[in-house]
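Below is one structure; the comments refer to it alone.
The values are calculated or read from the model by the stated rules, or taken from the named source; none is laboratory data. Given the structure is predicted, the values throughout are model-derived calculations rather than measurements. Methodologically, a virtual Cβ is constructed for each residue, glycine included, from the backbone with ideal geometry; neighbour enumeration extends over all protein chains shown.
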């Protein structure tokens with residue numbers, strides 16, 4: 001009985017600590033009285049938790065504010081250098097890695113280029129390992145002070161004792177990526193699908209903040225989505241929820257990277273858009289839509305090539321392709337609206353922001369045409385607010401969330 005009671009008290013202590021940390025993290029600085037009002041904890045409970053956090057160096061006093069007729073109230077803030085988190089984006093053309101302090105201020109970053117479509121596992125593992133070493137060295141941070149590393153990956157992450165990645169579009173079949181990375185680093189690792197890390201970042205700090213239901217659409221070389229339900233990321237039975245890019249919009253349509261035909265990704269992913277612009281691709285025999293064949297933009301990589309295409313205002317062929325892309329993207333968004341009924345659809349990713357920056361009115365218009373009127377009226381279609389770095393930031397949030405919940409960095 002004593003052991004059981006001890007466990008209950010430990011859980012209560014952790015819950016109180018977590019409540020104070022979450023409240024302070026998103027609205028700082030705050031006084032002890034403010035924290036009590038926000039969390040519903042008693043003054044004694046807040047005092048105990050704050051004393052513990054001060055002793056551990058997680059929280060610091062940063063001044064005072066006047067109170068009504070009483071002593072000034074001491075203000076509390078999170079100590080930025082108590083710990084660090086790292087976010088990694090295994091993207092289509094590069095591995096981006098950023099080291100942040102505890103308040104998510106960037107301290108160092110590394111950007112290692114890979115060739116488009118270069119998903120060779122040895123190359124990816126080496127790039128991640130090199131980038132982790134680079135940011136730790138540049139910021140002069142002791143690895144022991146790193147709370148964890150979040151990694152956004154292009155595929156479904158099967159969570160377990162070791163995370164395994166299933167990335168059909170990039171030919172990753174049950175890749176034991178966590179085990180491969182652990183051969184190069186002892187840092188705590190957490191892997192997640194890159195669309196879900198983007199959704200996490202927008203939910204915390206961007207266009208999704210305050211939303212109870214949202215669909216965060218990530219468009220880069222490929223296409224994915226993060227579904228927010230009840231204020232949290234919805235993952236499904238095996239974490240594959242959100243494979244929006246592989247919903248079919250045209251029967252027997254263009255060949256998709258996943259091997260199927262007519263997927264949304266085969267029409268609105270950056271690779272597919274450029275392929276449709278420059279010439280015929282692997283399409284099903286029954287597809288009747290003719291391919292556009294004007295000269296390719298002269299840019300040397302996918303991101304600059306798409307930017308050049310979007311900027312070709314004097315090219316009727318480019319404008320026709322972009323109008324068609326907006327139509328397809330609107331159809332995909334309408335499917336999200338009709339099926340999921342979100343408050344917001346948020347267009348993110350480097351390609352999504354490029355396309356949305358020019359085509360958002362046309363995309364909204366197409367979404368309205370293909371949606372049911374009632375759910376569309378309750379939905380906004382908008383651009384993400386965090387830019388192309390949202391995948392990295394969302395990945396860094398993974399270990400930070402564990403810290404705020406008390407799962408890591410907490411003495412038992």
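A quick yes/no check of all residues on (1) surrounded by fewer than 23 Cβ atoms within 10 Å (Cβ to Cβ); (2) in contact (Cβ under 8 Å) with a residue 24 or more places away in the chain; (3) touching a helix residue (DSSP H, G or I) at 6+ places or on another chain (Cβ under 8 Å):
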{"position": "201", "(1), (2), (3)": "no, yes, yes"}
{"position": "205", "(1), (2), (3)": "yes, yes, yes"}
{"position": "208", "(1), (2), (3)": "no, yes, yes"}
{"position": "234", "(1), (2), (3)": "yes, no, no"}
{"position": "238", "(1), (2), (3)": "yes, yes, no"}
{"position": "244", "(1), (2), (3)": "no, yes, yes"}
{"position": "247", "(1), (2), (3)": "yes, yes, yes"}
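Would you please list the contacts, defined by Cβ atoms under 8 Å and residues six or more apart or on different chains, that run from a residue in the range 40-69 that is farther than 15 Å from residue 24 by Cβ to a residue that is surrounded by fewer than 13 Cβ atoms within 10 Å (Cβ to Cβ)? Filtered contacts from the range 40-69: 64/72; 66/72. Residue 56 - would you say it is closer than 30 Å to residue 126 by Cα and out of contact with any strand residue (DSSP E or B) (no Cβ under 9 Å at 6 or more places or on another chain)? When the stated conditions are applied, residue 56 does not pass them.
Which residues, taken from the range 213-232, are under 23 Å from residue 104 (Cβ atoms) and surrounded by fewer than 24 Cβ atoms within 10 Å (Cβ to Cβ)? The answer is 231, 232. Annotation: of all residues in the range 301-322 being over 12 Å from residue 270 (Cα atoms) and not in a helix (DSSP H, G or I), the one that is nearest to the chain's Cα centre (by Cα) is 311.
Yes or no, residue by residue, for (1) modelled with pLDDT of 95 or more; (2) in a helix (DSSP H, G or I); (3) crowded, with 20+ Cβ neighbours inside 10 Å:
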residue	(1), (2), (3)
324	yes, yes, no
330	yes, yes, yes
334	yes, yes, yes
365	yes, yes, no
381	yes, no, yes
390	no, yes, yes
393	yes, yes, yes
411	no, no, no
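Residue-level check: of (1) touching a residue at least 12 places away in the same chain (Cβ under 8 Å); (2) farther than 16 Å from residue 197 by Cα, residue 396 misses just (2).
Picking from residues in the range 129-157 that are in contact (Cβ under 8 Å) with a residue 40 or more places away in the chain and farther than 17 Å from residue 84 by Cβ, the one that is surrounded by the fewest Cβ atoms within 10 Å (Cβ to Cβ) is 129.
Quick one: which residue in 25, 100 is assigned to a helix (DSSP H, G or I) and in contact with a strand residue (DSSP E or B) (Cβ under 7 Å, 6 or more places away or on another chain)? Only one candidate passes the filter, namely 25.
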